[in-house]
């Protein structure tokens, strides 16, 4: 159990932040050229801040920033009645009512506040030591085969050896893109992610082509819509390629069935889809099932990705790390947090998650924050 914060929480503020990407982050359901984030800030009675981030991605989860803000305003009337010093009270009371990105932001900011008050990094709150060196893969977004080849060559030169290729449901095009990446990066692991973009017939064709061409695919993630569980089971029975659940697994009560009967070999955990504590519960259950594990995310800034890196290094047991989206942000208004040396994710021992907003271009002047809740107001 995680102990409560000893100080009282006095206030909750929010503000919007837009971060342009160096290329459009395209998945099968659509994409974005700008990360449209919502930042949250808990303030303690001593004036210490805890920072959190909601990173909705409409092409993935159907949420946009406006939906998250509406949900935030809807819960504020009950905050006076929740013991905010206790993270379990917050999560258990609000978890089922909130979009995943908002729950993650509230929890993330709470853990950051706790770490800053106590002078310890997030990974110590969850595990005590850094258990695992993190080597992240990087995403080849949807495009044509020439784009896939250029992306792979660029990432290879930067030291990446795990390339996660977004696929879109067109077997001929997807195979051409996979082969283009393999030709120029033959020593790299290839990880495929469909984001529910495939039909049953096309998925069977895709897997057959991969196996017939001996393409070194380490896993295929979420070929089908979560409602099409029969297709997933059928495919898994006929394929030698491991299958990972993403959109099909958002809560801990889904984990055991998906691994035992659902046709999946593992799970991609994301704080932004499940919340922080629920992601931790999912990790624990998946390990008991000897399932494969990835930690990933939406299109998140260094703030949210740093938090996930702390979780991954403290909890351990992850077969794949996918914390790359800060690398798609050539400029961002944060300092501190993770850094990258090739594909190695570097963490430091700063209290909390270690990321703070900066005052670049007046992005974070105090007048730009809105108070959504204040104790006793």
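Every number here is computed from the coordinates shown, using simple stated rules; none is lab data. Note that this is a predicted model, so its numbers are computed, not measured. In this analysis, Cβ positions are derived from the backbone assuming ideal geometry, glycine residues included, and neighbour counts consider all displayed protein chains.
Of interest is the spacing of the C-alpha centroids, which for segment 291-332 and segment 239-259 amounts to 19 Å.
Relative to the longest principal axis of the Cα atoms of the chain, the long axis of helix 200-212 lies at roughly 70 degrees.
Dimensions of segment 111-162 from C-alpha coordinates, computed as largest minus smallest value along each principal axis and given longest first, are 50, 20, 14 Å. Estimated at 0.36 nm per residue, the fully extended path between residue 83 and residue 331 surpasses their Cα-Cα distance by 85.5 nm. Could you give the length gained by full extension between residue 370 and residue 201, i.e. 0.36 nm per residue of separation minus their alpha carbon distance, to one decimal place? Length gained, residue 370 through residue 201: 55.8 nm. Beta bridges from DSSP with both residues in segment 125-346: antiparallel share about 20 percent, rounded to the nearest 5.
Cα axis of helix 171-184 to longest principal axis of the chain: angle in degrees, 0 to 90, nearest 10? The angle comes out at about 80 degrees.
Against the main long axis of the alpha-carbon atoms of the chain, helix 302-315 sits at an angle near 80°. Using a Gaussian network model of the chain whose springs link C-alpha atoms within less than 10 Å, name the residue from 82, 125, 167 with the highest mean-square fluctuation. The residue that fluctuates most here is 82.
Here the Gaussian network model covers the chain, with springs between Cα atoms less than 10 Å apart; of 151, 218, 227, 227 fluctuates the most.
Taking the DSSP bridge list for the chain and keeping only pairs wholly inside it, about 55 percent are antiparallel. Annotation: extensible slack from residue 187 through residue 377 equals 62.4 nm (criterion: 0.36 nm per residue apart, minus Cα-Cα distance). Placing a label point 7 Å from the Cα of residue 234 along the Cα-to-Cβ direction, the residues of segment 184-208 with a backbone N closer than 15 Å are 198-208. What FRET efficiency would be calculated for the residue pair residue 172, residue 261, taking the C-beta separation as r and a Förster radius of 45 Å, to the nearest 0.05? That gives a FRET efficiency of 0.85. The value of relative contact order for segment 180-253, using C-alpha pairs under 8 Å at least six residues apart, is 34 percent. FRET efficiency for the residue 349 to residue 154 pair, using the beta carbon distance and R₀ = 30 Å, is estimated at 0.40. Among 248, 335, 214, determine the one that fluctuates most according to a GNM of the chain built with springs between C-alpha atoms less than 10 Å apart. Maximum fluctuation in the GNM of the chain, among the listed residues, is at 214. Take every pair of alpha-carbon atoms less than 8 Å apart whose residues are at least six positions apart; their mean separation over the length of the chain yields a relative contact order of 21 percent.
For a paramagnetic label modelled on residue 288 (point 7 Å from Cα along Cα→Cβ), amide N atoms under 19 Å away belong, within segment 300-318, to 315-318.
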